[in-house]
Structures are given as C-alpha cells and as structure tokens.
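Structure record follows, encoded as structure tokens.
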Amino acid sequence: MVAIIDYDAGNIKSVEKAVAFLGKEAIITREPEEIMNADQVILPGVGNFGDAMEKLEHYSLIPVIHEIVEKKIPFLGICLGLQLLFERSEECPGVAGLGILRGEIKRIPHREGLKIPHIGWNSLVGTERGRLFRGLPKEPYVYFVHSYYLQAEEKEIVTTTTEYGITIHSSIEKDNVFACQFHPEKSSEVGLKILDNFLKLRQEGMECIPKE
C-alpha cells in the first residue's frame with residue numbers, strides 16, 4: 001500500500017490515479033499510523049513553500065515525515081514535495097523547510113526569452129545515476145511546472161539535472177529518500193516508469209542505502 005500525504009497542497013488526485021494505474025493500492029491520508037504502515041510514501045504538491053510548511057505543522061505531519069526517513073521507508077517528494085525536503089526557499093524567507101536534506105530553493109532568474117514559471121517538457125541529464133530511472137532511454141523528457149529550483153548542497157545526491165537558463169537539480173536520491181522537481185504523474189510513459197521503479201523498491205528487496 002502507498003500512502004500519499006494529504007496536506008491540502010493540491011495535485012494529489014493525479015498521483016493517486018497514476019499509482020492505481022500501475023496496480024498498487026493508494027490511500028490519501030494524513031493519519032500517522034496509516035502513513036507509517038505504508039510500503040512507500042509520496043509527498044506531492046504544488047503551491048507556496050511557506051503555506052505548505054504551515055499546513056504540515058498544522059496537521060502534525062513534520063515528525064511523521066522525519067520518522068519515515070529514519071525508518072528507511074521509501075519516500076518520494078514530487079515538485080513542491082522536493083522543495084520542502086530542504087532547508088529554506090527564496091519564496092518565503094525566514095520559513096524553515098523540513099531540513100532532511102541540505103540545500104536551498106532559489107527563484108529561476110529572469111532572462112531574455114525565458115518564461116517563468118518553467119512550464120512544459122524538458123530533458124533529464126544523468127539518469128544513469130539514479131534507481132528511479134532504470135530502464136529509461138538517455139535524457140528522457142518529463143513535464144515541469146515551477147518557478148523555483150533546487151540548489152543542493154550535497155552534489156552527490158543529485159541524480160539528474162535539467163537546463164533552463166540555469167542548471168536545475170531536477171531529481172535527488174539519498175538513502176531511502178527520492179525526490180523530483182518534475183511531475184512523473186504527468187510525464188506519460190516515462191513518468192509512469194519512474195513511478196513504477198519507485199513502487200518496486202521494497203517489493204524487489206532493493207536496499208535503501210547509499211550507493212558506494
């Protein structure tokens with residue numbers, strides 16, 4: 001069973017539908033016991049960084065997320081869910097993120113000919129470094145919708161990058177924690193393959209430990 005964390009952040013139903021399409025039972029929940037008993041946990045979301053952190057605190061989900069990470073349950077953050085894993089965001093100065101990973105979320109800089117938010121299809125570079133990208137062709141295209149991007153402090157956790165005026169850290173992997181700035185649930189067959197790889201982590205007995 002997959003737990004999809006509900007913190008009023010939007011874009012949750014599309015993730016649930018994608019998981020169901022892949023044949024896995026999914027529940028949308030904010031109940032700690034249901035989340036902790038899941039095989040995998042997904043934190044999706046679109047919206048404002050500060051509002052999201054406020055909601056996570058309001059629903060007492062922050063300690064639950066930290067416990068998931070500590071117990072090595074496979075965890076996937078999507079879009080805003082990636083950003084929340086880090087320490088801070090330029091979107092909301094002074095608001096602390098979950099701090100599970102080190103780094104900052106920065107606004108995509110304005111440049112001539114560059115539309116913000118970054119909406120549409122773009123390629124992933126470096127997929128050979130990540131377990132989520134097994135079985136995918138080199139530099140696959142996925143769907144993005146965002147105005148802020150990740151600058152991870154630990155470069156070794158970055159599994160893919162994407163160019164959009166600057167180099168975006170578009171996905172990360174550390175131990176049992178995975179996250180992507182793009183939307184796999186909206187990225188056609190490539191995205192479904194990424195989600196399927198995540199959902200099989202425990203089923204296949206893949207150890208969620210750092211790569212050597």
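The values are calculated or read from the model by the stated rules, or taken from the named source; none is laboratory data. Just so we're clear, the structure is a prediction, and the values are computed from it rather than from any experiment. Cβ sites come from the backbone with ideal geometry, for glycine too, and all protein chains shown count toward neighbours. What goes into the accessible areas is simple: the full protein's heavy atoms, side chains included, and nothing from ligands, DNA or RNA. Shrake-Rupley method; radii C 1.70, N 1.55, O 1.52, S 1.80 Å.
Ordering N176, I119, I35 by Cα displacement along the dipole of the chain toward the positive end leaves I119 in first place; charges were set at the Cβ atoms of Lys, Arg (+1) and Asp, Glu (-1). On the basis of the beta-carbon distance and an R0 of 30 Å, R107 and D8 show a calculated FRET efficiency of 0.80. Taking the inverse of the mean 1/r over every pair of distinct Cα atoms in the chain gives a Kirkwood hydrodynamic radius of 16.9 Å. Taking each DSSP H run with n ≥ 4 as -39500 (n - 2.57) and averaging over every residue of the chain yields -6500 deg cm²/dmol at 222 nm.
Expressed as a whole percent, the accessible surface of the stretch 144-188 that belongs to carbon and sulfur atoms is 44, based on a 1.4 Å probe. When the surface is traced with a 1.4 Å probe over the full set of protein chains, H58 keeps roughly 130 Å² accessible. This model, with +1 at the C-beta of Lys and Arg and -1 at the C-beta of Asp and Glu, gives the stretch 57-212 a dipole about its Cα centre of some 260 debye.
The DSSP beta bridges internal to the stretch 40-177 are antiparallel in roughly 75% of cases. Available extension along the chain between V95 and M36 is 18.6 nm, counting 0.36 nm per residue and deducting the alpha carbon span. For the set S188, S14, solvent exposure ranked by accessible area (probe 1.4 Å, protein chains only) runs largest to smallest as S188, S14.
Surface listing: K174, K155 arranged by accessible area from highest to lowest gives K155, K174, probe 1.4 Å.
Computed from the C-beta positions of K115 and E139 and an R0 of 35 Å, the FRET efficiency is 0.95 to the nearest 0.05. Using a cut-off of 24 Å between Cα atoms, the listed pairs K13/K115; K55/K193; K72/K186; K17/K115; K24/K72 include K13/K115; K55/K193; K72/K186; K17/K115 as exceeding that distance.
V177: accessible area at probe 1.4 Å, nearest 10 Å²? Ignoring ligands and nucleic acids, V177 comes out at about 0 Å².
3J(HN,Hα) along the stretch 86-94: 9, 7, 6, 9, 5, 5, 9, x, x Hz, from the Karplus curve 6.51 cos²θ - 1.76 cosθ + 1.60 with θ = phi - 60°, whole Hz, x for Gly and Pro. Counting every alpha-carbon pair across the stretch 71-140, the share separated by more than 14 Å comes to 72%. About the centre of its Cα atoms, the stretch 34-139 shows a dipole size close to 460 debye [charges on the beta carbon of Lys, Arg (+1) and Asp, Glu (-1) only; nearest 20 debye].
With all protein chains in place and ligands, DNA and RNA left out, the 1.4 Å accessible area ranks I100, I172 as I100, I172, largest first.
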